[in-house]
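The values are calculated or read from the model by the stated rules, or taken from the named source; none is laboratory data. This is a predicted model, so every value here is computed, not measured. Note: ideal-geometry Cβ built from the backbone for every residue, glycine included; neighbour counts use all protein chains shown. Surface accessibility is based on the protein's heavy atoms, side chains included, excluding ligands, DNA and RNA. Shrake-Rupley method; radii C 1.70, N 1.55, O 1.52, S 1.80 Å.
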Amino acid sequence: MRALQRERYGGPEVLAVREVATPRPGPGQALVRVRASSLNTADLDLLYGRPRIARIGYGLRRGQSGGMGLDLAGEVVEVGEGVTGLRPGDRVWADLFDQGHAALAEYVCVSVVALHPIPDGVSVADAATVPHSGLLALQGLKPAGPIRAGERVLINGAGGCVGPFAIQLAKARGAHVTGVDESAKFDLMRTAGADEVVDYAAVDITRWGRRFDVVLDIADTRGPLAMRRCLAPGGRYSLIARRLGSFASYVLFAPLVGRLTGTRMGTMFWKPNPAEYLAEFGTLLASGAVRPIVDSTWSLENAVTAFEHLDAGRARGKVLVVP
Ligand SMILES: NC(=O)c1ccc[n+]([C@@H]2O[C@H](COP(=O)([O-])OP(=O)(O)OC[C@H]3O[C@@H](n4cnc5c(N)ncnc54)[C@H](OP(=O)(O)O)[C@@H]3O)[C@@H](O)[C@H]2O)c1
(Lines give C-alpha, C1' and ligand atoms only; values in the text may rest on other atoms or scores of the structure.)
Protein backbone atom coordinates (compact mmCIF):
# COMPACT_ATOMS: atom_id res chain seq x y z
CA MET A 1 0.00 0.00 0.00
CA ARG A 2 0.99 3.67 -0.26
CA ALA A 3 1.69 5.59 2.96
CA LEU A 4 3.16 8.93 4.00
CA GLN A 5 6.38 8.25 5.88
CA ARG A 6 9.14 10.16 7.61
CA GLU A 7 12.58 9.08 8.72
CA ARG A 8 13.25 11.81 11.26
CA TYR A 9 11.87 15.00 12.77
CA GLY A 10 11.88 18.05 10.53
CA GLY A 11 9.68 20.08 8.18
CA PRO A 12 7.63 18.73 5.25
CA GLU A 13 10.92 18.04 3.40
CA VAL A 14 11.46 14.92 5.55
CA LEU A 15 8.15 13.43 4.31
CA ALA A 16 7.70 11.06 1.36
CA VAL A 17 4.90 8.82 0.07
CA ARG A 18 6.28 5.27 -0.12
CA GLU A 19 5.17 1.72 -0.86
CA VAL A 20 5.04 -0.21 2.43
CA ALA A 21 3.60 -3.56 3.55
CA THR A 22 -0.16 -3.47 4.29
CA PRO A 23 -0.50 -4.06 8.06
CA ARG A 24 -2.46 -7.04 9.45
CA PRO A 25 -4.76 -6.59 12.44
CA GLY A 26 -3.52 -8.08 15.71
CA PRO A 27 -5.77 -9.19 18.60
CA GLY A 28 -8.19 -6.40 19.52
CA GLN A 29 -7.42 -4.44 16.34
CA ALA A 30 -9.22 -3.65 13.09
CA LEU A 31 -7.73 -3.00 9.67
CA VAL A 32 -9.35 0.18 8.33
CA ARG A 33 -9.36 1.32 4.73
CA VAL A 34 -8.72 5.08 4.98
CA ARG A 35 -11.33 7.05 3.04
CA ALA A 36 -10.23 10.49 4.24
CA SER A 37 -7.92 12.19 6.72
CA SER A 38 -7.25 15.82 7.54
CA LEU A 39 -4.30 17.80 8.86
CA ASN A 40 -4.08 19.59 12.19
CA THR A 41 -1.57 21.88 13.90
CA ALA A 42 -0.79 18.86 16.08
CA ASP A 43 0.30 16.95 12.93
CA LEU A 44 2.88 19.70 12.37
CA ASP A 45 3.94 19.44 16.04
CA LEU A 46 4.43 15.67 15.63
CA LEU A 47 6.30 16.23 12.35
CA TYR A 48 8.72 18.73 13.87
CA GLY A 49 8.85 16.90 17.23
CA ARG A 50 7.85 19.97 19.23
CA PRO A 51 7.92 20.83 22.01
CA ARG A 52 11.19 18.92 22.40
CA ILE A 53 10.17 17.49 25.77
CA ALA A 54 7.27 15.67 24.04
CA ARG A 55 9.84 13.56 22.11
CA ILE A 56 10.18 11.46 25.26
CA GLY A 57 6.67 10.21 24.43
CA TYR A 58 6.76 10.43 20.60
CA GLY A 59 10.20 8.85 20.07
CA LEU A 60 13.58 10.48 20.55
CA ARG A 61 14.65 10.54 16.89
CA ARG A 62 11.68 10.25 14.55
CA GLY A 63 8.36 9.55 16.25
CA GLN A 64 6.64 6.28 17.02
CA SER A 65 5.87 4.62 13.74
CA GLY A 66 7.41 6.52 10.86
CA GLY A 67 3.85 7.12 9.68
CA MET A 68 1.86 10.36 9.89
CA GLY A 69 -1.75 11.38 10.30
CA LEU A 70 -4.14 11.80 13.26
CA ASP A 71 -7.62 12.12 11.76
CA LEU A 72 -9.11 8.91 10.42
CA ALA A 73 -12.41 8.28 8.63
CA GLY A 74 -12.78 4.98 6.82
CA GLU A 75 -14.25 1.49 6.61
CA VAL A 76 -13.35 -1.63 8.54
CA VAL A 77 -11.86 -4.25 6.20
CA GLU A 78 -10.85 -6.99 8.62
CA VAL A 79 -10.91 -7.51 12.37
CA GLY A 80 -8.35 -9.25 14.56
CA GLU A 81 -8.81 -11.99 17.13
CA GLY A 82 -11.31 -11.27 19.91
CA VAL A 83 -13.04 -8.34 18.19
CA THR A 84 -16.81 -8.55 18.45
CA GLY A 85 -18.18 -5.00 18.20
CA LEU A 86 -17.08 -4.19 14.64
CA ARG A 87 -17.59 -5.86 11.26
CA PRO A 88 -16.12 -5.41 7.80
CA GLY A 89 -17.92 -2.53 6.07
CA ASP A 90 -18.56 -0.51 9.26
CA ARG A 91 -17.77 3.20 8.85
CA VAL A 92 -15.51 4.43 11.67
CA TRP A 93 -13.70 7.58 12.78
CA ALA A 94 -10.91 8.19 15.27
CA ASP A 95 -8.07 10.43 16.39
CA LEU A 96 -4.92 8.29 16.15
CA PHE A 97 -2.94 10.50 18.59
CA ASP A 98 -2.29 7.54 20.92
CA GLN A 99 -2.65 4.91 18.16
CA GLY A 100 0.59 5.36 16.21
CA HIS A 101 -0.73 8.33 14.18
CA ALA A 102 -0.47 6.75 10.72
CA ALA A 103 -3.80 7.69 9.11
CA LEU A 104 -2.14 9.14 5.99
CA ALA A 105 -2.04 5.78 4.24
CA GLU A 106 -4.35 3.54 2.26
CA TYR A 107 -4.86 1.25 5.28
CA VAL A 108 -4.16 1.48 8.99
CA CYS A 109 -4.49 -0.95 11.93
CA VAL A 110 -6.13 0.56 15.00
CA SER A 111 -7.13 -0.80 18.40
CA VAL A 112 -10.92 -1.09 18.36
CA VAL A 113 -11.21 0.84 21.63
CA ALA A 114 -10.32 3.97 19.62
CA LEU A 115 -12.80 3.32 16.79
CA HIS A 116 -16.35 4.68 16.86
CA PRO A 117 -19.12 4.52 14.26
CA ILE A 118 -19.55 7.51 11.95
CA PRO A 119 -23.21 8.51 12.40
CA ASP A 120 -25.62 8.02 9.50
CA GLY A 121 -25.96 11.15 7.41
CA VAL A 122 -22.34 12.24 7.98
CA SER A 123 -19.98 11.91 5.00
CA VAL A 124 -16.50 10.45 5.45
CA ALA A 125 -15.03 13.76 4.24
CA ASP A 126 -16.85 15.71 6.97
CA ALA A 127 -16.05 13.03 9.55
CA ALA A 128 -12.33 13.23 8.70
CA THR A 129 -12.15 16.92 9.65
CA VAL A 130 -13.34 16.38 13.22
CA PRO A 131 -11.63 13.78 15.45
CA HIS A 132 -8.64 15.84 16.60
CA SER A 133 -9.52 19.54 16.20
CA GLY A 134 -13.31 19.26 16.51
CA LEU A 135 -13.06 17.30 19.75
CA LEU A 136 -10.41 19.72 21.06
CA ALA A 137 -12.93 22.52 20.53
CA LEU A 138 -15.72 20.56 22.25
CA GLN A 139 -13.53 19.47 25.17
CA GLY A 140 -11.97 22.93 25.41
CA LEU A 141 -15.36 24.58 25.85
CA LYS A 142 -16.54 22.16 28.57
CA PRO A 143 -14.67 23.72 31.54
CA ALA A 144 -16.33 27.05 30.63
CA GLY A 145 -19.72 25.54 29.92
CA PRO A 146 -22.56 25.22 29.62
CA ILE A 147 -22.90 28.18 27.24
CA ARG A 148 -26.34 29.80 27.42
CA ALA A 149 -28.21 31.63 24.67
CA GLY A 150 -27.27 35.30 24.48
CA GLU A 151 -23.97 34.95 26.33
CA ARG A 152 -20.96 36.84 24.98
CA VAL A 153 -18.22 34.40 24.01
CA LEU A 154 -14.65 35.37 23.07
CA ILE A 155 -12.56 32.83 21.16
CA ASN A 156 -8.88 33.78 21.14
CA GLY A 157 -6.93 32.24 18.24
CA ALA A 158 -10.17 31.43 16.39
CA GLY A 159 -8.76 31.18 12.86
CA GLY A 160 -6.70 27.98 13.13
CA CYS A 161 -7.75 24.33 13.05
CA VAL A 162 -9.78 24.33 16.29
CA GLY A 163 -11.25 27.85 16.25
CA PRO A 164 -13.83 27.52 13.44
CA PHE A 165 -15.31 24.47 15.21
CA ALA A 166 -15.38 26.37 18.53
CA ILE A 167 -17.15 29.33 16.89
CA GLN A 168 -19.81 27.01 15.45
CA LEU A 169 -20.28 25.15 18.75
CA ALA A 170 -20.82 28.44 20.60
CA LYS A 171 -23.18 29.74 17.87
CA ALA A 172 -25.15 26.46 18.02
CA ARG A 173 -25.87 27.31 21.68
CA GLY A 174 -27.13 30.76 20.77
CA ALA A 175 -24.10 32.81 21.91
CA HIS A 176 -22.82 36.10 20.51
CA VAL A 177 -19.31 35.19 19.35
CA THR A 178 -16.22 37.38 18.97
CA GLY A 179 -13.26 35.76 17.18
CA VAL A 180 -9.69 36.99 17.62
CA ASP A 181 -6.96 36.20 15.10
CA GLU A 182 -4.95 37.88 12.35
CA SER A 183 -6.88 39.90 9.78
CA ALA A 184 -6.10 37.37 7.02
CA LYS A 185 -8.43 34.97 8.88
CA PHE A 186 -11.38 37.34 9.23
CA ASP A 187 -13.27 35.70 6.34
CA LEU A 188 -12.78 32.22 7.80
CA MET A 189 -14.03 33.31 11.24
CA ARG A 190 -17.06 35.04 9.69
CA THR A 191 -17.83 31.97 7.57
CA ALA A 192 -17.79 29.91 10.77
CA GLY A 193 -20.39 32.32 12.17
CA ALA A 194 -18.46 34.86 14.27
CA ASP A 195 -20.55 37.98 14.91
CA GLU A 196 -17.46 40.12 15.41
CA VAL A 197 -13.82 39.64 14.43
CA VAL A 198 -10.75 41.27 15.97
CA ASP A 199 -7.15 41.48 14.80
CA TYR A 200 -4.75 40.45 17.57
CA ALA A 201 -2.04 42.64 16.06
CA ALA A 202 -4.26 45.72 16.43
CA VAL A 203 -6.03 45.04 19.75
CA ASP A 204 -4.66 43.78 23.07
CA ILE A 205 -7.78 41.97 24.30
CA THR A 206 -6.54 42.10 27.91
CA ARG A 207 -6.49 45.93 27.76
CA TRP A 208 -9.49 46.37 25.49
CA GLY A 209 -12.06 47.07 28.19
CA ARG A 210 -14.59 44.58 26.75
CA ARG A 211 -15.77 41.82 29.11
CA PHE A 212 -17.10 38.39 28.13
CA ASP A 213 -19.19 35.70 29.83
CA VAL A 214 -17.03 32.95 28.32
CA VAL A 215 -13.46 32.99 26.98
CA LEU A 216 -11.98 30.02 25.12
CA ASP A 217 -8.26 30.63 24.71
CA ILE A 218 -6.69 28.63 21.89
CA ALA A 219 -3.80 31.06 21.33
CA ASP A 220 -2.37 30.58 24.83
CA THR A 221 -0.35 33.77 24.87
CA ARG A 222 -1.06 35.31 28.29
CA GLY A 223 -1.23 34.19 31.91
CA PRO A 224 -4.33 34.08 34.14
CA LEU A 225 -3.73 37.51 35.71
CA ALA A 226 -3.93 39.18 32.28
CA MET A 227 -6.72 37.00 30.85
CA ARG A 228 -9.01 37.59 33.87
CA ARG A 229 -9.44 41.16 32.57
CA CYS A 230 -11.43 39.73 29.62
CA LEU A 231 -14.04 38.23 31.95
CA ALA A 232 -17.32 39.78 33.08
CA PRO A 233 -18.35 39.14 36.72
CA GLY A 234 -19.12 35.42 37.02
CA GLY A 235 -17.40 34.79 33.68
CA ARG A 236 -15.76 31.47 32.75
CA TYR A 237 -12.37 31.00 31.08
CA SER A 238 -10.93 27.80 29.57
CA LEU A 239 -7.47 27.33 28.08
CA ILE A 240 -6.38 24.84 25.44
CA ALA A 241 -2.75 24.85 26.55
CA ARG A 242 -0.02 24.78 23.92
CA ARG A 243 2.87 24.84 26.39
CA LEU A 244 3.64 22.78 29.47
CA GLY A 245 4.47 25.96 31.42
CA SER A 246 1.11 27.58 30.76
CA PHE A 247 -0.74 24.31 31.42
CA ALA A 248 0.95 24.15 34.85
CA SER A 249 0.22 27.81 35.58
CA TYR A 250 -3.46 27.43 34.66
CA VAL A 251 -3.79 24.22 36.72
CA LEU A 252 -2.07 25.71 39.76
CA PHE A 253 -2.91 29.44 39.79
CA ALA A 254 -5.92 30.08 37.56
CA PRO A 255 -8.52 28.56 39.95
CA LEU A 256 -7.18 30.83 42.71
CA VAL A 257 -7.27 33.90 40.43
CA GLY A 258 -10.83 32.94 39.53
CA ARG A 259 -11.89 32.61 43.16
CA LEU A 260 -10.36 35.98 44.07
CA THR A 261 -12.00 37.76 41.13
CA GLY A 262 -15.45 36.15 41.17
CA THR A 263 -14.83 34.23 37.96
CA ARG A 264 -14.02 30.62 36.99
CA MET A 265 -10.67 30.00 35.30
CA GLY A 266 -8.96 26.78 34.31
CA THR A 267 -7.58 24.58 31.60
CA MET A 268 -8.87 21.62 29.70
CA PHE A 269 -7.67 18.05 30.40
CA TRP A 270 -7.75 16.56 26.95
CA LYS A 271 -8.04 12.93 25.90
CA PRO A 272 -8.48 11.51 22.41
CA ASN A 273 -11.69 9.73 21.33
CA PRO A 274 -14.04 9.98 24.32
CA ALA A 275 -17.11 8.14 23.01
CA GLU A 276 -19.62 10.64 24.44
CA TYR A 277 -17.88 13.59 22.72
CA LEU A 278 -17.71 11.80 19.36
CA ALA A 279 -21.41 10.97 19.70
CA GLU A 280 -22.27 14.59 20.59
CA PHE A 281 -20.23 15.91 17.67
CA GLY A 282 -21.76 13.35 15.34
CA THR A 283 -25.25 14.58 16.24
CA LEU A 284 -24.23 18.20 15.57
CA LEU A 285 -22.77 17.22 12.17
CA ALA A 286 -25.77 15.11 11.19
CA SER A 287 -28.19 17.93 12.08
CA GLY A 288 -26.13 20.53 10.17
CA ALA A 289 -25.55 22.61 13.35
CA VAL A 290 -21.82 22.28 12.65
CA ARG A 291 -20.52 22.26 9.06
CA PRO A 292 -16.80 21.64 8.64
CA ILE A 293 -15.03 24.34 6.66
CA VAL A 294 -12.63 22.75 4.18
CA ASP A 295 -9.77 24.81 2.79
CA SER A 296 -8.59 22.28 0.20
CA THR A 297 -8.54 18.58 -0.70
CA TRP A 298 -5.39 16.68 -1.71
CA SER A 299 -4.64 13.15 -2.85
CA LEU A 300 -2.35 10.95 -0.75
CA GLU A 301 0.31 11.30 -3.46
CA ASN A 302 0.23 15.08 -2.82
CA ALA A 303 0.16 14.83 0.98
CA VAL A 304 3.63 16.41 1.27
CA THR A 305 2.38 19.50 -0.57
CA ALA A 306 -0.68 19.53 1.70
CA PHE A 307 1.67 19.65 4.72
CA GLU A 308 3.68 22.47 3.08
CA HIS A 309 0.44 24.39 2.54
CA LEU A 310 -0.58 24.09 6.22
CA ASP A 311 2.96 24.75 7.46
CA ALA A 312 3.18 27.96 5.40
CA GLY A 313 0.07 29.30 7.18
CA ARG A 314 -1.95 29.42 3.95
CA ALA A 315 -4.84 27.17 5.05
CA ARG A 316 -8.19 28.81 5.80
CA GLY A 317 -10.10 25.81 7.13
CA LYS A 318 -9.28 22.12 7.30
CA VAL A 319 -6.86 20.55 4.82
CA LEU A 320 -8.30 17.20 3.67
CA VAL A 321 -6.29 14.28 2.30
CA VAL A 322 -8.18 11.58 0.40
CA PRO A 323 -6.26 8.40 -0.55
N1 LIG B 1 -3.74 21.21 25.92
C2 LIG B 1 -3.92 20.04 25.35
O3 LIG B 1 -4.23 19.04 26.00
C4 LIG B 1 -3.75 19.92 23.87
C5 LIG B 1 -4.07 18.70 23.25
C6 LIG B 1 -3.93 18.59 21.89
C7 LIG B 1 -3.47 19.69 21.16
N8 LIG B 1 -3.14 20.85 21.78
C9 LIG B 1 -2.64 22.02 21.06
O10 LIG B 1 -3.70 22.97 20.96
C11 LIG B 1 -3.53 23.75 19.78
C12 LIG B 1 -4.81 23.70 19.00
O13 LIG B 1 -5.07 24.89 18.30
P14 LIG B 1 -5.13 25.00 16.73
O15 LIG B 1 -4.84 23.67 16.14
O16 LIG B 1 -6.34 25.71 16.36
O17 LIG B 1 -3.86 25.92 16.56
P18 LIG B 1 -3.57 26.86 15.33
O19 LIG B 1 -4.10 26.25 14.09
O20 LIG B 1 -2.11 27.19 15.43
O21 LIG B 1 -4.44 28.16 15.63
C22 LIG B 1 -4.08 29.14 16.55
C23 LIG B 1 -4.42 30.47 15.96
O24 LIG B 1 -4.07 31.48 16.91
C25 LIG B 1 -3.51 32.56 16.19
N26 LIG B 1 -2.71 33.40 17.07
C27 LIG B 1 -1.36 33.47 17.20
N28 LIG B 1 -1.02 34.42 18.10
C29 LIG B 1 -2.18 34.95 18.54
C30 LIG B 1 -2.48 35.96 19.49
N31 LIG B 1 -1.54 36.62 20.15
N32 LIG B 1 -3.76 36.25 19.73
C33 LIG B 1 -4.77 35.60 19.07
N34 LIG B 1 -4.54 34.63 18.14
C35 LIG B 1 -3.26 34.30 17.89
C36 LIG B 1 -2.71 31.88 15.12
O37 LIG B 1 -2.44 32.80 14.08
P38 LIG B 1 -1.00 32.88 13.35
O39 LIG B 1 -1.11 31.95 12.21
O40 LIG B 1 -0.91 34.31 12.96
O41 LIG B 1 0.05 32.47 14.35
C42 LIG B 1 -3.65 30.77 14.69
O43 LIG B 1 -4.54 31.19 13.68
C44 LIG B 1 -2.39 23.12 19.00
O45 LIG B 1 -1.19 23.83 19.23
C46 LIG B 1 -2.28 21.73 19.60
O47 LIG B 1 -0.99 21.18 19.51
C48 LIG B 1 -3.30 20.99 23.12
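Calculate the dipole size of the chain relative to its Cα centre from +1 charges on Lys and Arg beta carbons and -1 charges on Asp and Glu beta carbons; express the result in debye to the nearest 20.
Numbers: 37 positive and 32 negative charges, 221 e Å.
Charge dipole, the chain, about its Cα centre: 1060 debye, nearest 20.
In Å, what Kirkwood hydrodynamic radius results for the range 1-64 from the alpha-carbon pair distances? Before the final figure, lay out each step's value.
Details: mean 1/r = 0.0744 Å⁻¹.
Radius from the Kirkwood sum: 13.4 Å.
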* Asked: How large is log10 I(q)/I(0) at q = 0.21, 0.24 Å⁻¹ when the Debye formula is applied to the Cα atoms of the range 244-304, each weighted equally and without solvent?
  -> -0.89, -0.92
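Can you give the Kirkwood hydrodynamic radius for the range 50-187, in Å, rounded to one decimal and based on Cα pairs?
Numbers: mean 1/r = 0.0582 Å⁻¹.
In the range 50-187 this quantity evaluates to 17.2 Å.
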* Long-range amide H contacts for V197: which residues qualify at under 5 Å (H placed 1.01 Å from N, peptide plane, sequence gap of 5 or more or a different chain)? -> G179
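When only DSSP loop residues count, what trypsin sites (Lys or Arg not before Pro) in the range 255-323 have their Cβ near at most 15 other Cβ atoms within 10 Å?
Numbers: sites: R259, R264, R314, R316, K318; in loops: R314, R316.
Filter output for the range 255-323: R314.
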* Structure fact -> Heavy-atom accessible area per residue of the range 133-267, all protein chains kept, 1.4 Å probe, expressed in Å², is 40 Å²
* Cα pair distances of the range 138-183 binned at 5 Å [whole percent] -> 6, 24, 36, 24, 8, 2
* May I have the extent of the alpha carbons of the range 133-267 along their three principal axes, as whole Å values ordered from largest to smallest? => 37, 30, 29
* **Descending principal axes extents, the range 162-220, alpha-carbon based, whole Å** => 29, 26, 20
* To do: Specify the residue with the greatest mean-square fluctuation among G157, G282, G57, computed from a Gaussian network of the chain linking alpha-carbon atoms under 10 Å apart.
  => G57
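Given the DSSP H assignment, sum -39500 (n - 2.57) over each helix run of at least 4 residues in the chain and divide by its residue total; what's the result at 222 nm in deg cm²/dmol, nearest 500? Could the numbers behind the result be given before it?
Working: 11 runs with 86 residues, N = 323.
The helix contribution divided over the chain gives -7000 deg cm²/dmol.
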* Asked: Under Stokes-Einstein, with the Kirkwood radius over Cα pairs standing in for Rh, what whole-number D in µm²/s applies to the chain at 37 °C and 0.692 mPa s?
  -> 163 µm²/s
